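Before any comments, here is the structure.
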Amino acid sequence: MKKFIPFFFVFISLFLSSNVIVAGESLEYKLAVLNAGGFVPRNHITVARFRSLLNQLSDTYIEDNERIADMTITARDLLRKAGIEESLLNIMGGLNRLFSEPLGNQKYAEYAASYVVLREKGYSHLEAIRGLKAILEGMGIY
């Protein structure tokens, strides 16, 4: 439980700061701005990419779009604290590729946390995604 409290505070502070930065904008636009580290036009390609990823991820995972976005931001920021730079697009895209078809009963939070752990252990983005896929295959879920 002790690890959850700091994680929770990181989550809340990131959520509040992301809402202040681009209040009133769509979730996919907020993600595009955070991904870029600053302003992006509303019709930027990454806005459409985030919209597509959110739709696909919400079909596979039980969390809603806001929770998926929040967990992705938290994962990215935990990686940054460990000295690892990874974009929101890469994290979401990688976790989107774990399943060949939408299952609708998986927990994004668990896979995002596992991804962070693997990255902190020295795995590259691609190695972490491949490792998660291998675990799923071994369990017969993939």
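Key figures for this structure:
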quantity: GluC sites (Glu not before Pro) lying in DSSP loop within segment 42-142, provided at most 16 other Cβ fall within 10 Å; calculated: Glu85
quantity: Chain lengthening between Phe39 and Arg67 when straightened (0.36 nm per residue, less Cα-Cα); calculated: 7.8 nm
quantity: Trypsin sites (Lys or Arg not before Pro) restricted to DSSP loop in segment 62-106 with at most 13 other C-beta within 10 Å; calculated: Arg97
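We did not get these values from a lab; they are worked out from the coordinates using the rules stated. Nothing here was measured: the structure is a model prediction, and the numbers come from that model. With ideal geometry, Cβ positions are generated from the backbone for all residues, glycine too; neighbour counts draw on all protein chains shown.
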